Amino acid sequence: MGEKVVGKVDVSEPDFSGWLTKRSQWLKDWRRRYFFLKGNKLYFSKNPRQEPHGVVDLSTCLTVKSAEEKTNKRHCFEVATDSATYYMFAETDKEKDEWIGAIGRAIVRYSSAFTCDDDYDEEEDQ
């Protein structure tokens, strides 16, 4: 799943983090991994203390949505990029919804379609 991480990655102070079980791209088996959402990258490792060994680049993400019917797994969602679809599930519906929300916000925040070149001042709108 995702690209291999090359070199050391700073996952301190992630935007969101926690355990998910993901389906491997090639063998299609399910593996529990610790995920770190930082910026527009979703990193994962075998546990929170290990360096991430994989990453999903959310800058190419098309959708993040529920995938329980596709996988027959409770609390499952998918992250679809232009090159692959990744399936993962949380322990609860609440965690699933939190992950979908966090990933969705990262996609919007870092999408190439969302730029601040239109003279819009975010603070004026609040």
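Show me 87-93, 12-18 ranked by packing, highest mean number of other Cβ atoms within 10 Å first. Write down the numbers at each step before the final one.
On the way: 87-93: 18.3, 12-18: 13.7.
Top to bottom by mean Cβ count within 10 Å: 87-93, 12-18.
Measuring with a 1.4 Å probe in the full set of protein chains, what accessible area per residue, in whole Å², belongs to the range 26-107? Please list the in-between numbers first.
Details: 4370 Å² over 82 residues.
Per residue, the range 26-107 has an accessible area of 53 Å².
For T81, what residues show an amide H to amide H distance below 5 Å, using hydrogens built from the backbone and excluding near sequence neighbours?
Residues meeting the criterion, in which the H sits 1.01 Å from N, are L62, Y86.
Would you mind calculating the gained length between T92 and R74 on full extension (0.36 nm times residue separation, minus the Cα-Cα distance), in nm to one decimal? List each step's numbers first, then the result.
Values: separation 18, 0.36 × 18 = 6.48 nm, distance 0.81 nm.
Computed gain between T92 and R74 is 5.7 nm.
Which of the peptides 37-44, 71-78, 25-32 is most tightly packed, and how do the rest follow, judged by the mean count of other Cβ atoms within 10 Å per residue?
Highest-to-lowest ranking by the protection proxy: 37-44, 71-78, 25-32.
What is the distance, in nm, between label points placed 7 Å from the Cα along the Cα-to-Cβ direction at H53 and at D15?
Here the modelled spin labels are 2.6 nm apart.
The values are calculated or read from the model by the stated rules, or taken from the named source; none is laboratory data. Here the structure is a predicted model, which is why all the values come from computation and not from measurement. Ideal geometry is used to build each Cβ from the backbone, glycine not excepted, and the neighbour counts take in all protein chains shown. Protein only, heavy atoms only, side chains kept; ligands, DNA and RNA dropped before computing areas. Shrake-Rupley method; radii C 1.70, N 1.55, O 1.52, S 1.80 Å.
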